[in-house]
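Read the structure below first, then the notes.
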Amino acid sequence: MEFKHIPVMHDECIKYLDIKPDGIYVDGTLGGAGHSSSIAAHLSQDGRLIGIDRDDNAIKAASERLREFGERVCIVKNNFKNINEVLDNLGIDKIDGALLDLGVSSHQLDEASRGFSYMKDAPLDMRMDRSAELSAYEVVNNYAEERLCEIIFKYGEERWAKRVAKFIVDKRAIKPINTTLELVSVINAAIPKGARMTGGNAAKRTFQAIRIEVNGELEILKGAVNDFVSRLKTGGRLLVITFHSLEDRIIKEEFLSLASGCTCPKEFPVCVCGNKPKVKVLTGKPAIASDEELLNNSRSKSAKLRVIEKL
């Protein structure tokens, strides 16, 4: 299947990156190279773009798309959480900017065999890196009921999490739940009809929760943000695009923490911790997709872009 990717908030990202022709930039979520191809096009022969992804299909597609830029581009199979390792291996100390697009790519959703979609039947998988051990099948069929409930409630913000977890455990006791549509059927049985009639597809929240668990998406964010900031040059910028409230809350809070500096209790008359602000926030409110983009790319509807600049 062709790796199709429509970059979300493309123009806004290029504007906020404020690309220097001879700068060094990182796309930590390379995908189909939608953002990266534009970043590379703004670079001179002295500039450099490092693209990181853990999906073999993305690496293959991006390599082909970025071939024309030659040595300006370096593609690395890894997780963006390991940015220090990636840059150290390349002999790079500081960078001028970085972008993290935290959404699941269009290709991953559209390719049924990946098991990300609740609209297409496929083996339960949801691994962004197919060499990883943990899959959606393992979560659904082997996690304890209490743990399943916790994940679905916390990561999916599903009010019916307890019922969904119980129905999953009851069903798998009869036979393993092997496919996405088998799981959808269980979820639909668990959630009352009235609740299923509002808020979009009833399986969406549970699928999101399982995907986040399989790929460890939230647990890496705080550390990754701090590591990226530590590698930015003064004036360098970090852009993060989120697609659901859990991600956005973490990014917002971490950006504000880095921008505030002082961690002393509010009742202290003077600062004793000595911490100084490391960044300034350039997006008081997150940037969102334009009306025109919403018409052309429905997946941009929930996207929020936040930007900080290294002091």
Q.
Can you find, within the range 260-289, the residue that is surrounded by the most Cβ atoms within 10 Å (Cβ to Cβ) among those that are among the small types (Gly, Ala, Ser) and in contact (Cβ under 8 Å) with a residue 40 or more places away in the chain?
A. Ala289
Q: May I ask you to verify whether Ala195 is at pLDDT below 95, of a type outside the set (D, E, K, R), open to solvent by less than 50 Å² (accessible area, probe 1.4 Å) and assigned to a helix (DSSP H, G or I)?
A: yes
Q.
Here are the criteria: (1) surrounded by 13 or more Cβ atoms within 10 Å (Cβ to Cβ); (2) at pLDDT 95 or above; (3) out of contact with any Ser or Thr (no Cβ under 7 Å at 6 or more places or on another chain). Tell me which single one Ser257 does not satisfy.
A. (2)
Q. Do the conditions hold for Lys120, that is, is it part of a helix (DSSP H, G or I) and more than 30 Å from Leu311 (Cα to Cα)?
A. no
**Q.** Leading residue by the ranking (surrounded by the fewest Cβ atoms within 10 Å (Cβ to Cβ)) among those in the range 126-173 that are in contact (Cβ under 8 Å) with a residue 24 or more places away in the chain, of a type in the set (Lys, Arg) and farther than 19 Å from Ser185 by Cα
**A.** Arg130
Q: Pick out, from the range 1-108, the strands (runs of 3 or more DSSP E) lying fully within it that include 2 or more residues that are open to solvent by less than 50 Å² (accessible area, probe 1.4 Å) and more than 23 Å from Leu305 (Cα to Cα).
A: 73-77
Q: Name the residue, out of Glu217, Glu213, Glu253, Glu247, that is among the acidic types (Asp, Glu) and without any contact (Cβ under 8 Å) to a residue 60 or more places away in the chain.
A: Glu253
Q. Here is a list of conditions, (1) farther than 30 Å from Leu239 by Cα; (2) open to solvent by less than 10 Å² (accessible area, probe 1.4 Å), and Gly115 meets all of them except one; can you say which number that is?
A. (1)
Q) Given the conditions (1) touching a residue at least 40 places away in the same chain (Cβ under 8 Å); (2) in contact with a Cys (Cβ under 9 Å, 6 or more places away or on another chain), which single one is not true for Lys81? A) (2)
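The values are calculated or read from the model by the stated rules, or taken from the named source; none is laboratory data. Here the structure is a predicted model, which means the values were calculated and not measured. Here the Cβ is made from the backbone with ideal geometry for all residues, glycine too, and neighbour counts use every protein chain on show. Heads up: the accessible areas ignore ligands, DNA and RNA and are worked out on the full protein's heavy atoms, side chains in. Shrake-Rupley method; radii C 1.70, N 1.55, O 1.52, S 1.80 Å.
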